[in-house]
Amino acid sequence: MSALQNSMRTMFVHGRRLGSAWPRLILKAPYCSEANKMMTGEGTVKVEQHEGVTLIGINRPEKRNCVNTPTAEALLKAFQEFDADESSKVAVLYGVGGNFCAGYDLKEVAEDVPVSLGPYGRGPMGPSRFETRKPVIAAVEGFAVAGGLELALWCDLRVVEETAVMGVYCRRFGVPLIDGGTVRLPAIVGVGRALDLILTGRAIKAKEALEWGIASRLVACGTAIGQAVKLAQELLKFPQECMLADRTSVYNAVFSAKSLQEALQFEHENGCPVILKESVQGAKKFIGGVGRHGKFNLHTQPDPAKSKL
């Protein structure tokens, strides 16, 4: 087992005790000595990078990571920079201090602070209207409610702790879903189940969220961030252009295509260029014995096409 795996295993076991320090500690380990770190939005957003993975943390634990205007702007900026950074392939979004995000800061709403209502770019929660080209994984612990649920739904995958709670808690205060909740939730769980959560504002616990498809993975308490990083590292193993092309085709089929034929046409045109770039080399690796029997370490074995006979 590598030093990285040993360190991550320790983090998984002791994740709850480490709490909000988890990402900071893992990136201070010897193998992360070159990780990039920064704080944005008056310190309310933490950004850390290492070996192709960007960790973005909402850092308002005293507010259960409710998002205010500076935090929303900082979140959007962080994801825009991640999207533009060719060295970073996957992002992990998490909340500092035991909660993912409890929504928008209602103190600002009560004080009539203007909320961004622009059709593109920043939504009230930050990146909810931004279309990143690369996968984002939500590491969900504690509460992910109201706008916090919308942020989690914006992500491609959701690694959810068994004690986490989700829900449209803004229902009771007359705050509408304007960060994609009414768009993404029915796309993920279907109209009937989406309306169950949206109309009632009830809580949905992790086990039910997994059964409904809101949670992609259910993990032990205190391990969401570590497991999300592990999942991100697994995605790094794959040929990236092919993975991103398939991701784009999925979102086009769900949100943009007007018909089955239109979706199939887009899939064809979007996928074909990848064949010459990655598929041919992948096929040669397969013929050479790489990646068979469910093994995914394609980038750690020699390329048979370049090997000497």
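Observations
- Checking Glu211 against (1) without any contact (Cβ under 8 Å) to a residue 40 or more places away in the chain; (2) acidic (Asp, Glu); (3) touching a strand residue (DSSP E or B) at 6+ places or on another chain (Cβ under 8 Å), the condition it does not meet: (3)
- Number of the condition not met by Ile188 [criteria: (1) surrounded by fewer than 17 Cβ atoms within 10 Å (Cβ to Cβ); (2) of a type outside the set (Gly, Ala, Ser); (3) outside any helix (DSSP H, G or I); (4) in contact with a helix residue (DSSP H, G or I) (Cβ under 8 Å, 6 or more places away or on another chain)]: (3)
- Residue in region 236-255 that is at pLDDT 95 or above, in a loop (DSSP other than H, G, I, E, B) and of a type in the set (S, T, N, Q) present: no
- Condition broken by Lys207, with the remaining ones in (1) modelled with pLDDT of 95 or more; (2) in the same structural domain as Ala91 (by TED's automatic domain parsing); (3) surrounded by 16 or more Cβ atoms within 10 Å (Cβ to Cβ); (4) outside any strand (DSSP E or B) satisfied: (3)
- Test: residue in region 46-54 that is in contact with a Gly (Cβ under 7 Å, 6 or more places away or on another chain) and either at pLDDT 60 or above or surrounded by fewer than 17 Cβ atoms within 10 Å (Cβ to Cβ) (or both): yes
- Single residue of Thr200, Thr223 found to be among the polar types (S, T, N, Q) and more than 10 Å from Val160 (Cα to Cα): Thr200
One line per residue, one yes/no per condition, for (1) at pLDDT below 95; (2) touching a helix residue (DSSP H, G or I) at 6+ places or on another chain (Cβ under 7 Å):
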{"position": "Val13", "(1), (2)": "yes, no"}
{"position": "Leu25", "(1), (2)": "yes, yes"}
{"position": "Asn36", "(1), (2)": "yes, no"}
{"position": "Gly57", "(1), (2)": "no, yes"}
{"position": "Glu81", "(1), (2)": "no, no"}
{"position": "Lys89", "(1), (2)": "no, yes"}
{"position": "Gly97", "(1), (2)": "no, yes"}
{"position": "Cys101", "(1), (2)": "no, yes"}
{"position": "Asp105", "(1), (2)": "yes, yes"}
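The values are calculated or read from the model by the stated rules, or taken from the named source; none is laboratory data. Here the structure is a predicted model, which is why all the values come from computation and not from measurement. Glycine gets a Cβ as well: all are built from the backbone with ideal geometry, and neighbour counts include every protein chain shown.
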